[in-house]
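Here is the structure we will look at.
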Amino acid sequence: MESVAEAMSNDLEGDFQNAKAFLLKTSLHSNLNIYDHLSSVIKKVLDEKPHNVTGKYQNKEDESTEVALARSQLTLFEVMYNSLFLDPKVLNFEIEIPDLKLQRRPGESLIETVMLDPERDEDLEEAPLPDLMELANYFEQAGVGIGREETFRIFLALKILIDSQPIRTCRFWGKIFGIHANYFIAEVEFFEGEDPEEPSDDNKQEEQQQDQDEAKVDLAKEGEFQAEEDDLPEPDFKPPVEIPQEENRTGCNKKTYFACNEPGHTWIRLPPVTPAQIVISRQIQKFFTGNLEAPVVSYPPFAGNEANYLRAQIARISATTHISPLGYYVFEEEEEEDDEGGGRDSFVVNQEFEGLTINDMTDLSCSNWVHHVQYILPQGRCTWFNPSQKREEEELEEEEDEEEKEEPDEPEPEQGPPLLTPLSEDAEVDSMPPWTAQKSSTLVPQYALAVMHSNLWPGAHAFAVERKFENIYVGWGQRYSAENYSPPPPPPPQEEFPSGPEITEAEDPSVEEEKALKAAQQEALEAAEMEEDEEDDDEDD
Amino acid sequence: MEAEGLNMTIDYVGSSGVVLSTEQKAALQSSLVILKSNYKFREVKFWGKILGVKSNYFIVQGVGKDELKDRKTLYSQDCVQWGLLPVVTESMKHNCSFVKGRFTGDPSYEYEHMEVKKGDNQDGEGAEEENIIMVKEEDRLATTIEAIDCDVRIVPRGLSVADSGKLSSYFHFREPFLLTQKTLLQKAELDKAIDFLDPIDTDVPKGGSWSIQFERGSGLVTLRSLHWLGFTFYHVPNSRKYGSIYFGLGTKNLDLPFML
């Protein structure tokens, strides 16, 4: 019994030593080590013996922004150390000493979720985390991207995101500058059915039911209201049919995006995009402020706040600039081509793809690069939705006596290029080619990368070498146009009611006209009397 | 951005998407030294990169005796061969103002602009005269660079962390012309030793011309111009380290009033 206890205590001792060793390890990146940092904090607390210790260290306002920001970045490293190297026993040990927790600010609860995942080592093999540093290295060779230090912080932040959510694939989408803060964007796909925010089917139905009920109630109220008053004329106007949003995991909402202002801050999930938002975002040009809650003040009015606008821009940028080498993705063979759906929307990685030569990839025609994100139709969806369908149903339900009314014209279905269309099909940008292909090195072309720069979305880049390729966006999130922006004109004024005699007021006669009329009447009267007199005379004769 | 220690200082602006490849860094390292001695510059500054459709221009400025006036601008497409840009004249500025769109990446490319002049005859009838203006891309490049320098080349005034977060702590590095318009009352509060340039907080639109952000704690202040997207200025508070770089399309953002 004793020996077991001894062994356990030894074990604990060993773990403690290991933990201490890791805490003492200086990070190559930041040149800080946590052990010194913690001990200096504890020393300071004990030396100064201030009142209200916890309050002081939890209060953000007490710290200068400098320390606060640096700390939030350091927390990233702490979290990683904790999750990778400390086992739960040591963590318990840590929790027993409350002073050690001083450094944690509230809101970093994800530390716990990260630590308590027991099967982490097994997951390491097939973790969805991309090797961001390798990619950053390639991008640096291409002369694009963001600095290495920042990339590494994003790398850690992505790891935290993956550990806290059931994520199947994940990549760093890019960075969008804002006026007050910037956005870092992560693009993820959840495991099927494990999306934490996806409402289950029952909920959806309930919601719909509720909506319908509410609508009925409204109608009933309106009916009562109208019965009391005079009959108001029914307006002919019917609001245009709202184009429904695409389901999660399809079309523009195929992937989910997370954004944060600073690597190390909490990742905020961006809402799914609606067609109306995409349509409006094409007509406006706005800088991002850096606050996801900020309103988007624009004409035409944008439905949603900056998070929605950000999401709409991401969808547009992805659809236009996410490209891959020809042959890397192929359509699944079993899948039958269906003519109605307007092309297939899924593809698989071609395992036999060997990579193209650098000269092929930087060919001026760009025919060896393909789009692997679906084209967004003018309607704001990837698959076309027929707005007249719904309207017809409504009309049938409403009244059937107005049958002579002309059927609305069947709208022409919008069609875009199918998936995996080569870039050579892209439209020109103001008589300039839409893409610029370059080699990363002019001096040693045999080891160079093929680099693509988008001319439509400045800041969107892609590289490819052998089997590897990646896309990134670093910019202001604005589309390029040579012409200056001018907001769309306001809608034309409504047509006036056709003027006709029945609604035209007659002009009042002028004095002269009245006099002339009177004179004429007088004359006519006199003439009649004269005639009568004459007649009388005749009779008398 | 000073050419000396470019390898280190370029990291300050990395977060703004400004990255040089190893090949470019290596080429710049040696070619700038040669430039400096050939042209007898006191100092060489790496100015930035203008992105063309076919290829890009790397721009370097050499400074002679007078930091403000004695400057020469050179361009290169491979960071090895450098060519001197012409001095900007008024007529060049006028002609270049017609050119729109991207740079092509070929310095000898000529833009065509058809100008229609309405000459007033004595009869009162306007006779239309067609005038074709040819603008060389090299000239446009020189004009653009001068315009960017005039609009957004700035230097820091404040050195403390608190001051470096304010736009009034930065000055336009050009001949001051707003200063002369100030009243005596306004001038009375200025420190003559420091305040001899135009501060940038009066730029139009006010408060919407610059994006100012702290990075690395507050170990670094980054200013990005919203007029010239791609212009980045950095300053390390409490130090003499500052610099700016332009990595962009070379077109001014005229849509700014709609975008705020």
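Counting only strands (runs of 3 or more DSSP E) that sit wholly inside region B:181-255, those with at least 1 residues that are of a type in the set (D, E, K, R) and either open to solvent by less than 70 Å² (accessible area, probe 1.4 Å) or within 14 Å of chain A (Cβ to nearest Cβ) (or both) are B:210-215, B:220-225. Scanning region A:463-492 for residues that are out of contact with any His (no Cβ under 8 Å at 6 or more places or on another chain), farther than 21 Å from residue A:283 by Cβ and at pLDDT 85 or above yields a count of 6.
The residues of region A:467-482 that are closer than 24 Å to residue B:211 by Cα and either at the interface with chain B (Cβ under 7 Å from one of its Cβ atoms) or not aromatic (Phe, Trp, Tyr) (or both), listed by number, are A:472, A:474, A:475, A:476, A:477, A:478, A:479, A:481, A:482. If only residues of region A:428-474 that are without any contact (Cβ under 8 Å) to a residue 12 or more places away in the chain and within 17 Å of residue A:365 (Cα to Cα) are counted, the one that is most open to solvent (accessible area, probe 1.4 Å) is A:428.
Could you check, for region A:150-171, whether at least one of its residues is facing another protein chain (nearest Cβ under 7 Å) and touching a residue at least 40 places away in the same chain (Cβ under 8 Å)? Talk me through it step by step, then tell me what you get.
Our first condition is that a residue be facing another protein chain (nearest Cβ under 7 Å); within region A:150-171, this holds for A:150.
If we keep only those that are touching a residue at least 40 places away in the same chain (Cβ under 8 Å) too, we end up with A:150.
Checked against the condition, which is being facing another protein chain (nearest Cβ under 7 Å) and touching a residue at least 40 places away in the same chain (Cβ under 8 Å), region A:150-171 yields at least one hit.
Taking first residues from region A:279-303 that are among the acidic types (Asp, Glu) and partners that are open to solvent by less than 70 Å² (accessible area, probe 1.4 Å), the Cβ contacts under 8 Å between residues at least 6 apart in sequence or on separate chains come to A:293/A:305; A:293/A:306; A:293/A:307. Mind checking whether some residue in region A:488-499 is farther than 22 Å from residue A:311 by Cα, hydrophobic (A, V, I, L, M, F, W, C) and open to solvent by less than 100 Å² (accessible area, probe 1.4 Å)? No, the conditions are met nowhere in region A:488-499.
Scanning region A:264-275 for residues that are at pLDDT 90 or above, under 21 Å from residue A:186 (Cα atoms) and outside any loop (DSSP other than H, G, I, E, B) turns up at least one hit. All of B:87, B:99 fail the test of being farther than 22 Å from residue B:17 by Cβ and within 14 Å of chain A (Cβ to nearest Cβ), apart from B:99. Taking the listed residues A:487, A:509, the one that is in contact with a Leu (Cβ under 8 Å, 6 or more places away or on another chain) and not in a helix (DSSP H, G or I) is A:509, with no other qualifying.
The values are calculated or read from the model by the stated rules, or taken from the named source; none is laboratory data. Every value quoted in this text rests on a predicted model; they were computed, and no experiment measured them. All Cβ positions, even for glycine, are placed from backbone atoms using ideal geometry, and neighbour counts span all protein chains on display. Please note that ligands, DNA and RNA were not included when accessible areas were found on the heavy atoms of the full protein model with its side chains. Shrake-Rupley method; radii C 1.70, N 1.55, O 1.52, S 1.80 Å.
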